[in-house]
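Asks: To start, I am sharing the structure in question, which I have written as structure tokens.
The values are calculated or read from the model by the stated rules, or taken from the named source; none is laboratory data. Keep in mind that this is a model prediction, so the values were computed, not measured. Methodologically, a virtual Cβ is constructed for each residue, glycine included, from the backbone with ideal geometry; neighbour enumeration extends over all protein chains shown.
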Amino acid sequence: MDQMRNLIGLGDISLQWWEALYSRCCDIIAKPDDYIDSCKGKILASMFFEPSTRTSFSFQAAAQRLGGSAFGFADPLGTSVSKGETLADTVRIVSSYADTVVIRSPMEGASAAAVLYSDVPVINAGDGGHFHPTQTLADLTTIAQKRGRIGDLCIGLCGDLKYGRTVHSIVEALSIFPNVRFCLISPNELRMPEYVLDKMRMRGQEFTETALFAESLPELDILYMTRIQRERFEDVSEYLRLKGVYVLTNKDMQHAKHDMLVMHPLPRHGEIDPEVDSDPRAIYFEQARYGMYIRMALLLDFFHLPKLTPNPIVAFGDTQKCQNPACITQTESYLVQTTPVGAAGKCRYCDKDFV
Ligand code: NCD
């Protein structure tokens, strides 16, 4: 496997990296008992500043199934963060007790910031509406298991493409596979953000955008549904207006391909009627289980990496300030950029262009 030290986004992964990870994952699925002592004594720290069921528990289960253990918090109110401790100090301390740190935050770029203060590998378990790379690894595993290979497919990403971090990550990752077309289905207000579309154009990824769900369904090989992300809306009335915009029912499924896969990172909030659950094409619960196995494959690698002294960034002269209100630099004001004031570029934490 190419050496990767932190998993923050999937923009730089290679096919070789994925294939090595996936083949390890398949071996774990086939022979889980071979791995029960493979990470004996290793410790995972999980820092969850936002609610989680699947990601948090599957990481803990993954560490334990490898013979390691896990500690952490699911609510920062029980930690010194509630006394005003910075992210940097919290990460310095937590990473000194563990062999890998998993972090989820409502702020975009939080895990990229954490890397600067951690002496062990950092995994992004979701940073605001930005990225969620390990959900994508679960998604890729599911596609590979169900279709035999990844490629030659039309995937419909449907719902909240603006704030949904899972769809931003899956788009990045699918760029390494051949002949993948995207059908981006969302209301106009929740379109895929320009910074994601720009990268898709740069990489030559083929996509169409539409608000029409029923019309798009028959051509899809995979339908990837997402929840409207209530917690990221500035205006609740806007959320109330848009929630329920797409609801997949058995009636819709009659118009889909006989082998179309229905995926969802979960939790769902009305966008897939429970009547669809018994359709064999609905694979979202299996998808969550594959997430545990691919996280085992990832931890197996990360747990054994050497500790490295962290290297915080020091700014020389005045540097740009990120204007994104959801960027981690808004709340952790000591975080600096490397781009000088006035120069063009992107925030090194949240990816947004400087304006
Ligand atoms: C997603 C997340 O947290 O981004 N869930 C997950 O991790 N499986 C999706 C969501 O919250 O809608």
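Asks: Among the helices (runs of 4 or more DSSP H) confined wholly to the stretch 152-267, which include 2 or more residues that are in contact (Cβ under 8 Å) with a residue 60 or more places away in the chain and closer than 30 Å to Glu50 by Cα? Before you say what the answer is, go through the steps one by one.
Replies: Details: elements: 165-173, 194-203, 213-216, 236-242, 250-253.
Answer list for the stretch 152-267: 165-173, 194-203.
Asks: I want to confirm something. Restricting to the stretch 126-162 and keeping residues that are near the ligand (Cβ under 9 Å from one of its atoms) and out of contact with any strand residue (DSSP E or B) (no Cβ under 9 Å at 6 or more places or on another chain), which single residue is farthest from Ser111 (Cα to Cα)?
Replies: Looking at residues that are near the ligand (Cβ under 9 Å from one of its atoms) and out of contact with any strand residue (DSSP E or B) (no Cβ under 9 Å at 6 or more places or on another chain), I get Asp160.
Asks: Collect the residues in the stretch 274-321 that are free of Cβ contacts under 8 Å to residues at least 60 places away in the same chain and closer than 27 Å to Leu335 by Cβ, keeping them in residue-number order.
Replies: Of everything in the stretch 274-321, those that are free of Cβ contacts under 8 Å to residues at least 60 places away in the same chain and closer than 27 Å to Leu335 by Cβ turn out to be Pro306, Val314, Ala315, Phe316, Gly317, Asp318, Thr319, Gln320, Lys321.
Asks: Given the criterion of a type outside the set (A, V, I, L, M), within 16 Å of the ligand (Cβ to nearest atom) and either at pLDDT below 95 or in a strand (DSSP E or B) (or both), identify the matching residue among Ser46, Ser56. Before you say what the answer is, go through the steps one by one.
Replies: Working: Ser56 fails: either at pLDDT below 95 or in a strand (DSSP E or B) (or both).
Going through Ser46, Ser56 in turn, just one is of a type outside the set (A, V, I, L, M), within 16 Å of the ligand (Cβ to nearest atom) and either at pLDDT below 95 or in a strand (DSSP E or B) (or both): Ser46.
Quick grid of which residues meet (1) touching a Cys at 6+ places or on another chain (Cβ under 9 Å); (2) buried (at least 17 other Cβ atoms within 10 Å of the Cβ):
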{"residue": "Tyr35", "(1), (2)": "no, yes"}
{"residue": "Glu50", "(1), (2)": "no, yes"}
{"residue": "Gln60", "(1), (2)": "no, yes"}
{"residue": "Leu66", "(1), (2)": "yes, yes"}
{"residue": "Thr79", "(1), (2)": "no, no"}
{"residue": "Ile103", "(1), (2)": "no, yes"}
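Asks: Among residues belonging to the stretch 5-33 that are touching a residue at least 60 places away in the same chain (Cβ under 8 Å) and part of a loop (DSSP other than H, G, I, E, B), point out the one that is surrounded by the fewest Cβ atoms within 10 Å (Cβ to Cβ).
Replies: Within the stretch 5-33, the match that is surrounded by the fewest Cβ atoms within 10 Å (Cβ to Cβ) is Ser14.
Asks: Does the stretch 307-327 include one or more residues that are modelled with pLDDT of 95 or more, touching a strand residue (DSSP E or B) at 6+ places or on another chain (Cβ under 6 Å) and either surrounded by 17 or more Cβ atoms within 10 Å (Cβ to Cβ) or more than 30 Å from Ile43 (Cα to Cα) (or both)?
Replies: Within the stretch 307-327, one or more residues are modelled with pLDDT of 95 or more, touching a strand residue (DSSP E or B) at 6+ places or on another chain (Cβ under 6 Å) and either surrounded by 17 or more Cβ atoms within 10 Å (Cβ to Cβ) or more than 30 Å from Ile43 (Cα to Cα) (or both).
Asks: Further, regarding this structure: I need a count of the residues in the stretch 227-281 that are small (Gly, Ala, Ser) and within 16 Å of the ligand (Cβ to nearest atom).
Replies: So the count comes out to 2.
Asks: Sticking with this one: Looking only at residues that are out of contact with any Leu (no Cβ under 8 Å at 6 or more places or on another chain), away from the ligand (no atom under 13 Å from the Cβ) and among the small types (Gly, Ala, Ser) in the stretch 112-125, which one is nearest to Cys322 (Cα to Cα)?
Replies: Ranking the qualifying residues of the stretch 112-125, first place goes to Ala112.
Asks: May I pose another question? Identify, by number, the condition in (1) free of Cβ contacts under 8 Å to residues at least 40 places away in the same chain; (2) buried (at least 20 other Cβ atoms within 10 Å of the Cβ); (3) under 18 Å from the mean Cα position of the chain (by Cα) that Ala70 doesn't meet.
Replies: Of the numbered conditions (1) free of Cβ contacts under 8 Å to residues at least 40 places away in the same chain; (2) buried (at least 20 other Cβ atoms within 10 Å of the Cβ); (3) under 18 Å from the mean Cα position of the chain (by Cα), the odd one out for Ala70 is (3).
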